[in-house]
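*Asks:* One structure is given below, represented as structure tokens, and several questions about it will come after.
The values are calculated or read from the model by the stated rules, or taken from the named source; none is laboratory data. Since the model is a prediction, treat every value here as computed from it, not as a measurement. Methodologically, a virtual Cβ is constructed for each residue, glycine included, from the backbone with ideal geometry; neighbour enumeration extends over all protein chains shown.
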Amino acid sequence: MSDIPTPNALPRPEAELAELKRIWRQPPGWRALSEVNNGLIGPLFIATALLFFLLAGLLGLVIRAQLAFPGLTLVNPDTYNQVFTMHGTVMMFLFAVPAVEAVAIALLPSMLGARELPFPRLGAYAFLIYLIGGLLFYASIFFGIAPDGGWFMYPPLTSKAYSPGINTDMYLLGIGFIEISAIAGAIELIVGILRCRAPGMTLGRMPIYAWGILVFAAMVIFAFPAVIIASTLLELERAFDWPFFLPERGGDPMLWQHLFWFFGHPEVYVIFLPAAAMVSMIVPAMAQARLVAHSMVVTALVGTGFLSFGLWVHHMYTTGIPPLSLSFFAAAGFAVSIPSGLQVFAWIATFASAGKRIRFTTPALFILGFLFIFTLGGLTGVMVSVTPFDWQAHDTYFIVAHLHYVLIGGMVFPLFSALYYWAPALGSQLSERLGKTAFWLLFLGTNLTFFPMHISGFMGMPRRIYTFPSGFGLELWNLLSSIGAAMFAAGALVLLVDVVKNFRIGGQEGQENTWNAGTMEWLDSPEYGLRSIPLVRDRYPLWHDPDLKRQVEAGGHFLPFAATGRREALIGSPAEATPQYIAFVAGPGWGHVVAAVGTAGFFLALTGPFLIPAAVFFLIALAGFIGWVWHGTDFGPVGPERVDIGGGIVLPTHATGPVTTSWWAMVCTMLVSGTSYACLIGSYLFLWLVNGDAMWPPAGQGLPALGWGVTALALYGGAALSLVVASATLHDGRGWTHRLALLAGLGLLTAGMLADGWALWQGPIWPTLHAYGASAWGLFVWQVAHVLIALLMGSYTLARSLAGKLGGQRRLTLDNTRLFWLYTVAQGAVGIVLLHGFPRLLP
Amino acid sequence: MSETPGRCRAALSLGGACLLLAACSGVQTPLDPMGDHAARIAVLTWVLFIGGTAIFVLVMGLLVFALIAPARVRQAFGNRRFVVGGGIIFPTVTLIALLVYSLGVSRAVVLPTSDNPLRIEVIGRQYWWEVRYPDAGEGAVTANELRLPVGREVELLLSSGDVIHSLWIPNLHGKMDMIPGRVNRQRIRADRPGVMRGQCTEFCGVQHTLMAFYAVAQEPAEFDAWLALQRAPIPPPATPEQARGMQVFGEAGCGACHTVRGTEWQAKLGPDLSRIGSRLSLAAGALENHRGTLAGWVAGAQDIKPGNAMPAFGRSIPGDDLLAVAAWMESLR
């Protein structure tokens, strides 16, 4: 293939590389803290996730120590409940989801042939709030204020009456904001995967790992809002006595379970799908053969993502839901096992198709261990979707066994395989000898710990008990589990030693393709990313054209230089990856660091609740955000207007409107907000169904005042119109029309919100008396939060205009404000139609 | 009742406290069914275990084959046909068969078979069980023990007095949650007499662990006699020690929380103690029931089950009086 001319002529002038290096250089010393490059943040993110794996694992060891023999009292009941709650919570929220995002942030840029993902600063912010917030959250266990209601936090046990301490608030606020990190990361990944692929990498040629992460990130966008809303409602109930979950005032504890598991079940696949996608990358490299049935595996990933949203009732089989409804969910549970099974067969087929027998290297061993453990966990998964079986197995150690087989098998083993497989691509290779020792200890340890739990579960042992009685035949199985846990810990320790001893961060020049893999993460990727952006003609570019690596690293492909003298990324169309424009991407800065410290401090101060520190941290966060966007975004056109990136492709260096990545990110944000609002509407309707028409509204309360509702609608409409006018009259940014329109918009939106709330007040509707009022005010509070953000964005846009930082080409600020503004108005209108119209229009 | 003490007897020390840790393997497992519902689920369970094992062995066999078989043989499997056959057709057929079978079992274990079941109300509370027999009238109330007649269908009416609990008697049926604001119903039937153990399976707070109970299936005549006794007032104290115990009970304020039928003490905060001497356990399965454990529980409830609602009286009631109270309560049979 090397006879085909490269897009840019070789050799390249030397100054080009020096310029790239200068632009992408990491700030030296302590100022490296301000760096946002994925080459640094990615591995740090992974290391932090692994740290939380060890910290949560230690809590697991405490559990196994306490349960080694009947009647032990190493920790008291209260501490034990905190320990098992934190074990689950930290594993799920601070290890599994961040680990998946971390690996993606580290690997995807070079795998997609991108210099950088589009929003590195957002990625760095997500990492920092996770690091700071996560460590502070974990520390709560040392002060006895860690959550103690289980990671599922069912009210009314977690309501104020039965959990008066701040332990529950620690969970609701502490975890609540770490979900912001997950969502921020997901937005970065979605836009990155869809818009930052190398020319020629159509969706059909996109590596399967990117598919897995794309599905993962989309699932985060649609699943996490449910738990954010659930946490918000429970915190409103605890702090202000709004009875969403208290049956004596029209609430219902089942509402929590529906919301929580609408998040919680997809969460399992959120963790598993990216891991399965890693396996689909590693297996072909090990077998030196293309993945068999690639398109079916992609379909399986996407299909699992969709089906997983129909399974949440699996966790609620014993709540008294009628068996007919349960049978629907049982069928859905069976259906979701098919795509997982299909992938297992695709991997086996890929091994079978290998030219030579595979070598049992450490990554290969972890893959085989994964197949063993995950297949077993998958089969018990089918069992627990069988309704009558689950009535017996539910909340026993059988489930503990099942979920650990699925999560350790389905996520931890692929992650460790990935660690050994990709370590050379991110830094330096790990030891095969230590790796194999770690593998055997972890593999045998996992099975010895968790297989006996299937038996102890069927011997009648429920979950979440701090001790168990002797004489019921449970002693042997629990002792075996505890011995296995010690073995697993030894394995984790060996792995830790290997990483600390042998791993050094930093993509080097002269990267070797360690496993002779076919995908582009094995190209040289120092701090400036790829030397040039490759032209992709196959799903496995390095196998398809063995000379590609040399060409790319010599700078022969696209954009081997810095077009505008800043950090840049090549942005393409979502399906065909046709290059569209060259986008500026953020470099080092302090705004996001300040914002991260402020955000973490704000949420943790609220748990106290220490209101004055919370307010201070809020202002710090706000200052950080404003500094970040004021100095770091929307520069307008800089440098040459158009640039030839090679191969005759001439691209603009600036873009506005729907083609920009910032537009896409804003749309993703609106999807998050919209899903959250849909959860609130769902809660309102659910509580109506539970209470019946007669109690909706209950005696003594009324419907919102119609006149004020209509007024609010009109004012919201005016606010929307103002922004449309501002946008249409921006011209060169110097006139006063758009400024006056913005000003009018600010006034109208504020007035609309006040009329909206006044209508409820006039009802009268009271949030504390009954779930009717609580859910109506809940919808309104969510709207108020959006209006306040929209007002802030509008004022900021006005300030940009007055500072001369807004113009015909320099209009990202106004475009984003307009998008969010119109969303806010639409959300307000939906809320008014629901609250005023819904009970009135019922026959 | 002949099986009770013989089958379940042994006590071990737990952190200084004495727990009822009965040597009765088999009284809390779905695999030793005592009634039709559990029996059908047990058959389903074995079908799943055996089928699952077979599929697991098959898949692992294919994996080993794909790894080590001679290249020409294994490469015949390295294609889409194999993936479609093993990954789509095989599971679809198997799962449809399983779905049909399991829906049949599902239906069979929830369908009422009697128009006239014995109704029993069980109310979950932190951390004990209130049990009422509404068909037998107002007074028939007990705690932490569920007695039922052999051969008659029982409809359990399950509710909660505080947080969510879940009732599980694995030898009879699967779990059913007890949710505040709702009443869940479950039909069970014991087909032979015997003692079973049940436990709370929904995490309900600091002492979720020590929230168990015994279920006792008795011949109908025996059951009717027992039920009649539950409505009757308690017998008068038979010895001076018991009389002293009854007096101490009143002086210590126990009646502020507990009911004893036929006395002035009618409070509902704690378990009904009218026939406590006849129960198989104390403190919701936490302790074996005899005079020593009764005295120990009254004295040190917060050491045995920290965080439960029963105060410890070890400091306020002298030793002799403690034993007297225990003697009186033991006589309430």
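*Asks:* Go through A:439, A:443 for me and flag whichever is closer than 30 Å to residue A:72 by Cα and either among the aromatic types (Phe, Trp, Tyr) or within 10 Å of another protein chain (Cβ to nearest Cβ) (or both).
*Replies:* Residue meeting the stated conditions: A:443.
*Asks:* Another question about this same structure. Against the definition (buried (at least 24 other Cβ atoms within 10 Å of the Cβ), of a type in the set (D, E, K, R) and more than 25 Å from the chain's Cα centre (by Cα)), how does residue A:550 come out, yes or no?
*Replies:* It is false that residue A:550 is buried (at least 24 other Cβ atoms within 10 Å of the Cβ), of a type in the set (D, E, K, R) and more than 25 Å from the chain's Cα centre (by Cα).
*Asks:* What's the number of the only condition in (1) under 30 Å from residue A:86 (Cβ atoms); (2) in a loop (DSSP other than H, G, I, E, B); (3) within 14 Å of chain B (Cβ to nearest Cβ) that residue A:476 fails to meet?
*Replies:* Failed condition: (2).
*Asks:* Here is a follow-up. In segment A:427-435, is there at least one residue being touching a helix residue (DSSP H, G or I) at 6+ places or on another chain (Cβ under 7 Å), away from chain B (no Cβ under 13 Å) and crowded, with 21+ Cβ neighbours inside 10 Å?
*Replies:* Within segment A:427-435 (the criterion being touching a helix residue (DSSP H, G or I) at 6+ places or on another chain (Cβ under 7 Å), away from chain B (no Cβ under 13 Å) and crowded, with 21+ Cβ neighbours inside 10 Å), the answer is yes, since at least one residue qualifies.
*Asks:* Would you check which residues across segment A:25-41 are aliphatic (A, V, I, L, M) and either surrounded by 14 or more Cβ atoms within 10 Å (Cβ to Cβ) or not in a helix (DSSP H, G or I) (or both) and list them?
*Replies:* Scanning segment A:25-41 gives A:36, A:40, A:41.
*Asks:* Taking the residues in segment A:42-73 that are over 24 Å from residue A:491 (Cα atoms) and within 14 Å of chain B (Cβ to nearest Cβ) as candidates, determine which candidate is surrounded by the most Cβ atoms within 10 Å (Cβ to Cβ).
*Replies:* Per the criteria, the residue is A:70.
*Asks:* Then there's this: Of the conditions (1) under 30 Å from the mean Cα position of the chain (by Cα); (2) aromatic (Phe, Trp, Tyr); (3) surrounded by 24 or more Cβ atoms within 10 Å (Cβ to Cβ), residue A:558 satisfies every one except a single condition; which number is it?
*Replies:* Residue A:558 satisfies every listed condition except (1).
*Asks:* One residue is enough: does segment A:363-375 have a residue meeting the conditions hydroxyl-bearing (Ser, Thr, Tyr) and within 25 Å of the chain's Cα centre (by Cα)?
*Replies:* no
*Asks:* Residue under question is residue A:371, and the condition is that it be farther than 21 Å from residue B:45 by Cβ, at the interface with another protein chain (Cβ under 7 Å from one of its Cβ atoms), at pLDDT 95 or above and assigned to a helix (DSSP H, G or I); does it hold?
*Replies:* yes
*Asks:* Could you tell me which of the residues A:230, A:223 is over 25 Å from residue A:662 (Cα atoms) and among the small types (Gly, Ala, Ser)?
*Replies:* None of the others qualify; the one that does is A:230.
*Asks:* Also, I was wondering about something else. Suppose we filter segment B:205-219 for residues that are under 22 Å from residue A:83 (Cβ atoms) and out of contact with any Cys (no Cβ under 8 Å at 6 or more places or on another chain); how many remain?
*Replies:* Within segment B:205-219, residues that are under 22 Å from residue A:83 (Cβ atoms) and out of contact with any Cys (no Cβ under 8 Å at 6 or more places or on another chain) number 5.
*Asks:* Check B:179, B:120 and return the single one that is out of contact with any Phe, Trp or Tyr (no Cβ under 9 Å at 6 or more places or on another chain), under 30 Å from residue A:252 (Cα atoms) and of a type in the set (Val, Ile, Thr).
*Replies:* Testing whether each residue is out of contact with any Phe, Trp or Tyr (no Cβ under 9 Å at 6 or more places or on another chain), under 30 Å from residue A:252 (Cα atoms) and of a type in the set (Val, Ile, Thr) leaves just B:179.
*Asks:* Give segment A:345-358 a look and list any residue that's more than 7 Å from every other protein chain (Cβ to nearest Cβ), in contact with a helix residue (DSSP H, G or I) (Cβ under 6 Å, 6 or more places away or on another chain) and part of a loop (DSSP other than H, G, I, E, B), or say none.
*Replies:* Listed by number, the list holds a single entry, A:354.
*Asks:* Quick one: in segment B:144-156, of everything that is in contact with a Pro (Cβ under 8 Å, 6 or more places away or on another chain) and not in a loop (DSSP other than H, G, I, E, B), which residue is farthest from residue B:219 (Cα to Cα)?
*Replies:* Checked segment B:144-156; the qualifying residue farthest from residue B:219 (Cα to Cα) is B:155.
*Asks:* If residue A:294 satisfies all but one of (1) modelled with pLDDT under 95; (2) more than 30 Å from residue A:387 (Cα to Cα); (3) not small (Gly, Ala, Ser), what's the number of the condition it fails?
*Replies:* Single failed check for residue A:294: (1).
*Asks:* Okay, next question. Does segment A:144-162 include one or more residues that are away from every other protein chain (no Cβ under 13 Å), more than 13 Å from residue B:204 (Cα to Cα), without any contact (Cβ under 8 Å) to a residue 60 or more places away in the chain and assigned to a helix (DSSP H, G or I)?
*Replies:* No - not one qualifying residue is present in segment A:144-162.
*Asks:* Condition first: surrounded by fewer than 23 Cβ atoms within 10 Å (Cβ to Cβ) and not hydroxyl-bearing (Ser, Thr, Tyr). Can you find one or more residues in segment A:106-123 that meet it?
*Replies:* Yes, segment A:106-123 contains at least one residue that is surrounded by fewer than 23 Cβ atoms within 10 Å (Cβ to Cβ) and not hydroxyl-bearing (Ser, Thr, Tyr).
*Asks:* Surrounded by fewer than 16 Cβ atoms within 10 Å (Cβ to Cβ) and either assigned to a helix (DSSP H, G or I) or of a type in the set (S, T, N, Q) (or both): is that true of residue A:616 in this structure?
*Replies:* Answer is yes for this residue.
*Asks:* Are any residues in segment A:288-344 surrounded by fewer than 19 Cβ atoms within 10 Å (Cβ to Cβ) and outside any helix (DSSP H, G or I), and if so, which ones?
*Replies:* If the condition is that a residue be surrounded by fewer than 19 Cβ atoms within 10 Å (Cβ to Cβ) and outside any helix (DSSP H, G or I), then A:288, A:290, A:320, A:321, A:322 are the ones that fit.
*Asks:* Right, another one. Looking at B:111, B:95, B:14, B:44 in this structure, which one is modelled with pLDDT under 95 and within 21 Å of residue A:324 (Cα to Cα)?
*Replies:* B:111
One line per residue, one yes/no per condition, for (1) out of contact with any helix residue (DSSP H, G or I) (no Cβ under 9 Å at 6 or more places or on another chain); (2) part of a helix (DSSP H, G or I):
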| position | (1), (2) |
| --- | --- |
| A:676 | no, yes |
| A:683 | no, yes |
| A:703 | no, no |
| A:712 | no, yes |
| A:718 | no, yes |
| A:732 | yes, no |
| A:741 | no, yes |
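*Asks:* Continuing with this model, one more query. Return only the number of the condition from (1) outside the structural domain of residue B:124 (by TED's automatic domain parsing); (2) touching a residue at least 12 places away in the same chain (Cβ under 8 Å); (3) outside any helix (DSSP H, G or I) that residue B:268 does not satisfy.
*Replies:* (2)
*Asks:* Are any of the residues in segment B:253-265 buried (at least 17 other Cβ atoms within 10 Å of the Cβ) and either within 14 Å of chain A (Cβ to nearest Cβ) or under 30 Å from residue B:31 (Cα atoms) (or both)?
*Replies:* The answer is no, given that none of the residues of segment B:253-265 is buried (at least 17 other Cβ atoms within 10 Å of the Cβ) and either within 14 Å of chain A (Cβ to nearest Cβ) or under 30 Å from residue B:31 (Cα atoms) (or both).
*Asks:* Please find, among B:321, B:303, the residue that is acidic (Asp, Glu), part of a helix (DSSP H, G or I), surrounded by 15 or more Cβ atoms within 10 Å (Cβ to Cβ) and touching a residue at least 12 places away in the same chain (Cβ under 8 Å).
*Replies:* Criteria check complete, one pass: B:321.
*Asks:* Right, next: So which of B:188, B:179, B:169 is at the interface with chain A (Cβ under 9 Å from one of its Cβ atoms), touching a residue at least 12 places away in the same chain (Cβ under 8 Å) and of a type in the set (A, V, I, L, M, F, W, C)?
*Replies:* Step by step, each of B:188, B:179, B:169 is checked, and only B:179 is at the interface with chain A (Cβ under 9 Å from one of its Cβ atoms), touching a residue at least 12 places away in the same chain (Cβ under 8 Å) and of a type in the set (A, V, I, L, M, F, W, C).
*Asks:* List the number of the failed condition for residue A:645; all other conditions in (1) in contact (Cβ under 8 Å) with a residue 40 or more places away in the chain; (2) β-branched (Val, Ile, Thr); (3) surrounded by fewer than 20 Cβ atoms within 10 Å (Cβ to Cβ) hold.
*Replies:* Going through the list (1) in contact (Cβ under 8 Å) with a residue 40 or more places away in the chain; (2) β-branched (Val, Ile, Thr); (3) surrounded by fewer than 20 Cβ atoms within 10 Å (Cβ to Cβ), residue A:645 breaks only (3).
*Asks:* Let me ask something additional. Count, please, the residues in segment A:446-468 that happen to be surrounded by 22 or more Cβ atoms within 10 Å (Cβ to Cβ) and more than 14 Å from chain B (Cβ to nearest Cβ).
*Replies:* The number of residues fulfilling the criteria is 5.
*Asks:* Take segment A:114-143 and flag every residue that is free of Cβ contacts under 8 Å to residues at least 12 places away in the same chain and either closer than 18 Å to residue A:172 by Cα or not assigned by TED's automatic domain parsing to the domain that holds residue A:206 (or both).
*Replies:* A:135, A:139, A:143
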